[in-house]
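First up is the structure itself, then whatever we jot down about it.
The values are calculated or read from the model by the stated rules, or taken from the named source; none is laboratory data. The shown structure was predicted, so the numbers you read here are calculated from the model rather than taken from an experiment. With ideal geometry, Cβ positions are generated from the backbone for all residues, glycine too; neighbour counts draw on all protein chains shown. For accessibility, only protein heavy atoms count, side chains too; no ligands or nucleic acids. Shrake-Rupley method; radii C 1.70, N 1.55, O 1.52, S 1.80 Å.
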Amino acid sequence: MNGTHLLEIAGASRRFGGVLAVDRVDAHVDEGELVGLIGPNGAGKTTLFNLISGFTPPSAGTIRFRGRTINGLRPNQVARLGMGRTFQNLRIFPNMSVFDNVSVGAVGTLPQGPFGALFGGRDRARRISERTWAALETAGLTGVADELAANLSYGRRKYLEIARALAMEPAFLILDEPAAGLNDTETADLAAFIRRLHAGGLTIMLVEHDMTLVMGICQRVVVLASGRKIADAPPDAVRRDPGVLEAYLGGDEE
Amino acid sequence: MSGFDARMRPLAVRAGLALLLFAVLPAVLAGFDRSYYYQVANLALIFVLLAASLQLVTGVAGLLHLGHAAFYGVGAYAAALLSTELGLGFTVTLPLAGLIAAVIALLVALPTMRLVSIYFAVATLAIGQMLYLVMLNWVGLTKGPNGIVLTRGLELFGFDLSGRLATYYTVAGVVALSLVALGRLSHSYYGNALRSIREDDQCADAMGVRTARLKMEVFTLSAFFAGVAGALWAHMTGYISPGDFDFGESILILAMIVVGGLGSLPGAAIGALVLILLPEVLRDLGDFRNIMVGLVMFGCILFLPKGLMGEVSALRLARQQFGAAWRRTGNGVGIGWR
Amino acid sequence: MIDPYYLQQLAIGLSLGMTYALMAIGFTLIFGVLNVVNFAHGEVYTIGAFAGLVAITAFAPPFLAVLFLALAAGAAAGFSLERIAFRPFRRFTDEASLKSRAMRESTLLSSLAVSIVVREALEIVFGSEMQPLPFEYMINAPVQAGPVTLATGDLIIFGVAAAMLAGLQYMLKRTRIGLSIRAVSNNPLGARYVGINTDRTIVMTFVVGSTMGAAAGILVGLYYGAIFPAMGFIPGVKAFVAMVMGGLSSIPGAVISALILGVSESMATTFLASGWADMVAYGFLILTLVFFPSGLFGAGRERV
């Protein structure tokens, strides 16, 4: 098994003071999968997310991505290994245009020294421009490329965040609560969009509080409760899992 | 304008600016035939360069820098000492002054770049003051408060350029080249990476942008151009003293970019011209000249929070001028400077 | 037996440190309620000194009256400063905007602009050189204390500063306005919910902090006989250093750091030419920022 997974989490723990936010979690994501990570509030989803993306180093355990141990790497190093992410509370660059926002994803994952910009650098500029336009097109934002990001609607900002991550041309995309704050129609559109990205060959992990979206589109669902993994199975099996239902307090969330 | 091919416009604008800088202005200056006007023009150009280089750090990358004048001073002293002690000419001292300022900036940036917001600002203030104290008190090297008199003026590869018009052309040429470089840095993918740090550096980090390294780079690059400005100043005036590089000077440069609008390179140039030329125009007011700096700055913060040409309006301008290159239907050249 | 020279430097350093402490308290209080740095604080110090000077040259009042006039001028300066440079940028009343980055940056720049205007205005009125002071107001008569020779100023500064610190402590712990200042610096939004008038509290904070800054200004002015428009900048920077060393929100921390700073500077003049003495403060600042991110005395705010 070892080395074949795209992402492999082995015994990862994270302690904050006396609280064990993530407790010896083992999980993995294979190439081409669309995996959901769910759990009730306070289950440790965000902490696990931060461990994966390099925002917080694990207290114990290892996290391997594309065969490399990424514990202790800075977020930008993890990102340049091919991991793209979005943020739960929408962190766009408000005073930059939509195009410029998305271009940052492309800039971040290409060589970024100043001398390319100083002395020509046409090739790099072309590559960045191409990637950016491709990501904008995928997310359906070409029409507003010149708009200031702050002027976009809430729903479109979600797509902007995803487009920015896509411009990184990631091998693995993690979406942090993408459906938060969206109504049912918007959530359905988003689900279709994520499916399209997945169909295009992208490996995706979806971190969600709400089960609806995850159960609808994911092939496999990992459930966290109180920092521990309590289930890891296809949606149907998870749906019937009594432990999961209990964790969700009766399971009538969906 | 509609008659122009959209892609011709930046060329037209730049050609116009070049014409103004290298033909119209010198002609006007020659027409008036007074040294004073040449001095004002040179001073204004040097401050345009200082403001533009600070703009890269403070406006584009969002790092409030309160010690910029110190690096200007380092450049001036480096040029003056290389010239008087080692007998080097302007051709050599100009790049060396920039490099020395950049190296010192890099050395101080290494420990302080982790600091955020106000702590960074205060650290730059302290660094600026420390450099100033060195200029003031290391009498053995810098001659202290007496300053240094330069014996060699402007020259290029042995050609004497110390005449009034030649001096103007040299200053204008160096400043114009530097501005092109600063423009490429700030209106390119590099500038976008810097802007992302200003907007949300954690998020930029997650996009793969090497925030710590970029901050260090931009601080060093801006010090390089400040050092170049210092060398110009030293060779142009032939005399430097620590008073030219104190905290007040740093604040003056900061006021220029605040007035012109944070984040915009044209704004920095306009701000510098306003704060240098306005006091000259209002010379009759005498003592009130310095107070104007404070009042104009305060007025701008209160009534024009985006400055005369802030990022948003500057974005629009950049898009009009350079946007053609970003169109997919264009010739495919990306967001770099064409 | 310690060389009396060092004792003397120690005493001078302590009185110097006390003036930094008076300034640092103003910074700390204002930073506490607004989370901003008041760049015009040095000018408040200058205003205190000039108010005293004007009073002396106009009607030669007794020393205590000079001191009180300077304090009153400081209070007025603090009040106006808040109105001019800070309040216009506090457009919203939720916590986010009260401590937002945009407000921090614009007030930083606006207080900087106000400080330029005040300094230049004083220069226009008084000229930039040191102002002559009548000899009888100077507080630098020598006093013999055992083997050590001090100046009356050292004792007066120490006494006045200690009294003001005690008064401040009483005010913060026992009076209504002091309690509201503490409440607002702990949690501005919560303070508002329980009915504290945050705007009024903020003004009061500026008044109290500026009064102490002005006291430092007039005392130092009379001690060294050096009153000039740019006099506030260096002490302002040093008081800021003391605040950072003290951990930003701690008044005792700021006071202790200010004393450390004063003593180190006074000792440093033993080994360094006086022109280099300021290097000590900047060095302390950089070292603190880099190695003690939460101040020398424990918990502070996030800064890296």
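Miscellaneous remarks
- Within the range B:142-164, being under 28 Å from C:ILE286 (Cβ atoms) and either in a strand (DSSP E or B) or under 26 Å from the mean Cα position of the chain (by Cα) (or both) holds for B:THR142, B:GLY144, B:PRO145, B:GLY147, B:ILE148.
- Test: B:THR58 is of a type in the set (Ser, Thr, Tyr), buried (at least 24 other Cβ atoms within 10 Å of the Cβ), assigned to a helix (DSSP H, G or I) and at pLDDT below 95: yes
- Residue that is most open to solvent (accessible area, probe 1.4 Å) [pool: residues in the range A:41-72 that are of a type in the set (A, V, I, L, M) and out of contact with any Leu (no Cβ under 8 Å at 6 or more places or on another chain)]: A:ALA60
- In the range A:178-196, the residues that are surrounded by fewer than 20 Cβ atoms within 10 Å (Cβ to Cβ), under 16 Å from the mean Cα position of the chain (by Cα) and not small (Gly, Ala, Ser): A:PHE193, A:ARG195, A:ARG196
Conditions (1) modelled with pLDDT under 90; (2) touching a Lys or Arg at 6+ places or on another chain (Cβ under 8 Å), marked per residue:
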| site | (1), (2) |
| --- | --- |
| B:MET130 | no, no |
| B:GLY144 | yes, no |
| B:ASP160 | yes, no |
| B:LEU177 | no, no |
| B:ARG184 | yes, no |
| B:ARG198 | yes, no |
| B:GLN202 | yes, yes |
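- From the list B:MET207, B:MET292, the lone residue that is open to solvent by 40 Å² or more (accessible area, probe 1.4 Å), facing another protein chain (nearest Cβ under 9 Å) and not β-branched (Val, Ile, Thr) is B:MET292.
- Annotation for the range B:245-262: no member residue is more than 14 Å from chain C (Cβ to nearest Cβ), within 12 Å of the chain's Cα centre (by Cα) and either open to solvent by 10 Å² or more (accessible area, probe 1.4 Å) or of a type outside the set (S, T, N, Q) (or both).
- Within the range A:114-137, the set of residues being facing chain B (nearest Cβ under 7 Å) and not in a helix (DSSP H, G or I) comprises just one member, A:GLY121.
- Filtered residue count, the range C:212-267, keeping only those that are open to solvent by less than 10 Å² (accessible area, probe 1.4 Å) and among the aliphatic types (A, V, I, L, M): 18
- Positions within the range B:71-130 being charged (D, E, K, R) and under 20 Å from B:GLU217 (Cβ atoms), in sequence order: B:ARG114
- Residue match in the range A:109-125 (condition: under 24 Å from A:ARG196 (Cα atoms) and among the hydrophobic types (A, V, I, L, M, F, W, C)): no
- Selected residue (only one of B:LEU63, B:LEU115 is open to solvent by less than 40 Å² (accessible area, probe 1.4 Å), farther than 23 Å from B:GLY260 by Cα and not in a helix (DSSP H, G or I)): B:LEU115
- Flag if C:GLY209 is assigned to a helix (DSSP H, G or I), open to solvent by less than 30 Å² (accessible area, probe 1.4 Å) and farther than 27 Å from C:MET18 by Cβ: no
- Hey, B:ALA234 modelled with pLDDT under 65 and either of a type outside the set (S, T, N, Q) or under 21 Å from C:SER115 (Cβ atoms) (or both) or not: no
- Among the residues of the range A:163-177, those that are open to solvent by 10 Å² or more (accessible area, probe 1.4 Å) and out of contact with any Asp or Glu (no Cβ under 9 Å at 6 or more places or on another chain) comprise A:LEU166, A:GLU169, A:PRO170.
- The residue list B:GLU199, B:GLU280 contains one member that is surrounded by fewer than 21 Cβ atoms within 10 Å (Cβ to Cβ) and facing another protein chain (nearest Cβ under 8 Å), which is B:GLU199.
- Scope the range C:57-70; condition on the phi < 0 side of the Ramachandran plot and surrounded by fewer than 23 Cβ atoms within 10 Å (Cβ to Cβ); matching residues: C:THR57, C:ALA58, C:PHE59, C:PRO61, C:PRO62, C:PHE63, C:LEU64, C:ALA65, C:VAL66, C:LEU67, C:PHE68, C:LEU69
- So A:GLY201, is it open to solvent by less than 70 Å² (accessible area, probe 1.4 Å) and either modelled with pLDDT under 85 or over 30 Å from A:VAL104 (Cβ atoms) (or both): no
- Residue match in the range B:159-178 (condition: surrounded by fewer than 24 Cβ atoms within 10 Å (Cβ to Cβ), within 24 Å of B:GLY67 (Cα to Cα), at the interface with chain A (Cβ under 7 Å from one of its Cβ atoms) and out of contact with any His (no Cβ under 9 Å at 6 or more places or on another chain)): no
- Among the residues of the range B:179-191, those that are facing chain A (nearest Cβ under 10 Å) and either on the phi > 0 side of the Ramachandran plot or open to solvent by 30 Å² or more (accessible area, probe 1.4 Å) (or both) comprise B:VAL180, B:ARG184, B:HIS187.
- Where A:SER13 falls short, out of the listed (1) touching a Ser or Thr at 6+ places or on another chain (Cβ under 8 Å); (2) without any contact (Cβ under 8 Å) to a residue 40 or more places away in the chain: (2)
- Top-ranked residue in the range C:160-202 [being β-branched (Val, Ile, Thr) and in a helix (DSSP H, G or I); ranked as surrounded by the fewest Cβ atoms within 10 Å (Cβ to Cβ)]: C:ILE177
- Evaluating A:VAL78 against the criteria (1) out of contact with any Ser or Thr (no Cβ under 7 Å at 6 or more places or on another chain); (2) within 14 Å of another protein chain (Cβ to nearest Cβ) leaves one unmet condition, (1).
- Residues that are within 9 Å of another protein chain (Cβ to nearest Cβ) and open to solvent by less than 10 Å² (accessible area, probe 1.4 Å) were ranked within the range A:88-99; the one that is nearest to B:GLY208 (Cα to Cα) is A:PHE93.
- Positions within the range A:138-151 being under 21 Å from the mean Cα position of the chain (by Cα) and either at the interface with chain B (Cβ under 9 Å from one of its Cβ atoms) or surrounded by 15 or more Cβ atoms within 10 Å (Cβ to Cβ) (or both), in sequence order: A:THR138, A:ALA139, A:LEU141, A:ALA149
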